[in-house]
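Asker: Here's a structure for you.
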Amino acid sequence: MKKFIVMIFCGIAALLTAEEVNLIKNADFAKMYGKNPADFQVVVAPESKLEVLADEEVENGKILKLVKAEEKACMLVQRDLQMDADKTYTFSCEVKSADAGKGMVYVEWRTKLADGKYQHKSINAVPFEPADEWIEYSFEIPARDAKAEKPYVVFVGIENSVEFRNLKLVENK
């Protein structure tokens, strides 16, 4: 009986001390391909730009800055997130958008329908309000149908410039 109790205690302790795994690859923007962060697809309209800046508040920290200049949005996408269909997740980051900058972050996936067309499901595709200071931003991602493709996360600059840092996507326990 003592062995059983010790095993249960050790199992609970291991669960409590288990580190959360951040499912965003290159979340600190440490790896770069030229001017673009590795593991992300960059979609930049003409005259818009993407910058990765040093974050003075965090040692070795980086900031992603989307500067929008044209009519099309400036986006950064991370595809093929390793998220199980039957689990829920939480996405969080910090956002700063001086000069009335507008942007948004959303997670999306698609499911192929019987007629061969796709149905898209977007979570949190709502622009956030501009702020001159860092604002914590988070949302929960519900479980999806097992037939759905793997989700992807999209960072969008809609107007002026928007900055993102401390990106995190974790499984809810």
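The values are calculated or read from the model by the stated rules, or taken from the named source; none is laboratory data. Since the model is a prediction, treat every value here as computed from it, not as a measurement. Cβ placement follows ideal geometry from the backbone for every residue including glycine, while neighbour counts extend to all protein chains displayed. Surface areas here come from the heavy atoms of the whole protein model, side chains and all, with no ligands, DNA or RNA. Shrake-Rupley method; radii C 1.70, N 1.55, O 1.52, S 1.80 Å.
Asker: According to a simple spin-label model (label point 7 Å from Cα along Cα-to-Cβ), what is the distance in nm between Asp86 and Ala54?
Answerer: 4.9
Asker: Follow-up question, since we're still on this one. Roughly how many Å² of Glu47 are accessible to a 1.4 Å probe, to the nearest 10?
Answerer: 140
Asker: While we're on this one: Put Glu129, Glu171, Glu163, Glu59 in order of accessible area, largest first, 1.4 Å probe: what do you get? Intermediate results must be reported in sequence, preceding the final value.
Answerer: Values: Glu129 140, Glu171 60, Glu163 30, Glu59 160 Å².
Solvent-accessible surface, decreasing: Glu59, Glu129, Glu171, Glu163.
Asker: Taking only protein heavy atoms and a 1.4 Å probe, what accessible area per residue, in Å², does the range 65-119 have with all protein chains in place?
Answerer: On the way: 2770 Å² over 55 residues.
So the range 65-119 comes to 50 Å² accessible per residue, rounded to a whole number.
Asker: Grab the other residues whose beta carbon is less than 13 angstrom from that of Glu108, score K and R as +1, D and E as -1, and report the net. Before the final figure, lay out each step's value.
Answerer: Numbers: positive: Arg79, Arg110, Lys121, Arg144, Lys150; negative: Asp80, Glu149.
Neighbour charge sum, excluding Glu108 itself: +3.
Asker: Still on this structure, please answer the following. When the chain is treated as a GNM, springs tying every alpha-carbon pair under 10 Å, which of Asp115, Asp145, Asp132 comes out with the largest mean-square fluctuation?
Answerer: For the chain, modelled as a Gaussian network with Cα springs under 10 Å, the answer is Asp115.
Asker: Considering the chain as a Gaussian network with a 10 Å cut-off on Cα pairs, which listed residue, Lys49, Lys62, Lys31, attains the greatest mean-square fluctuation?
Answerer: Lys31
Asker: Let me ask something additional. Can you list the HN-Hα couplings for the range 94-106, worked out from phi with the Karplus curve (6.51, -1.76, 1.60; θ = phi - 60°), rounded to whole Hz and with x for Gly and Pro?
Answerer: Here the 3J(HN,Hα) series is 10, 10, 9, 9, 5, 6, 6, x, 10, x, 7, 10, 8 Hz.
Asker: Report, to the nearest 10°, how far helix 2-17 tilts away from the longest principal axis of the Cα atoms in the chain, using its own Cα long axis and a range of 0 to 90°.
Answerer: 10
Asker: Would you give the gap between the C-alpha center of the range 19-44 and the C-alpha center of the range 147-173, rounded to a whole Å?
Answerer: 11
Asker: Tell me the label-point distance for the pair Lys31, Asp115, using the 7 Å Cα-to-Cβ offset, in nm and rounded to one decimal.
Answerer: Spacing of the two 7 Å Cα→Cβ label points: 4.1 nm.
Asker: Could you bin all the Cα-Cα distances of the range 74-173 into 5 Å bins starting at 0 and give me the percent of pairs in each, rounded to whole numbers?
Answerer: 3, 13, 23, 22, 16, 11, 8, 3, 1, 0
Asker: Need the full-extension length gain, Glu159 to Ala38, defined as separation in residues times 0.36 nm minus the C-alpha distance. One decimal, nm.
Answerer: Values: separation 121, 0.36 × 121 = 43.56 nm, distance 2.43 nm.
Computed gain between Glu159 and Ala38 is 41.1 nm.
Asker: Note the listed values [x] 18.8, 70; [y] 17.4, 55; [z] 22.8, 79, then indicate which one is Rg and Dmax of the Cα atoms in Å calculated from this particular structure.
Answerer: [x]
Asker: Consider a paramagnetic label point 7 Å from the Cα of Ala69 along Cα→Cβ; state which residues of the range 30-46 have an amide N under 19 Å from it.
Answerer: Counting only backbone N, you get 35-37, 42-46.
Asker: Let me ask something else about it. Starting from the Cα gyration tensor of the range 27-92, multiply each eigenvalue by 5, take the square root, and state the resulting semi-axes largest first in whole Å.
Answerer: Numbers: eigenvalues 105, 67, 26 Å².
Equivalent ellipsoid of the range 27-92: 23, 18, 11 Å, largest first.
Asker: Run the accessible area of the range 60-119 with a 1.4 Å probe and give the carbon-and-sulfur part as a rounded percent. All intermediate terms of the calculation are to be shown ahead of the outcome.
Answerer: Working: 1280 of 3000 Å².
Its accessible area is 43 percent carbon and sulfur atoms.
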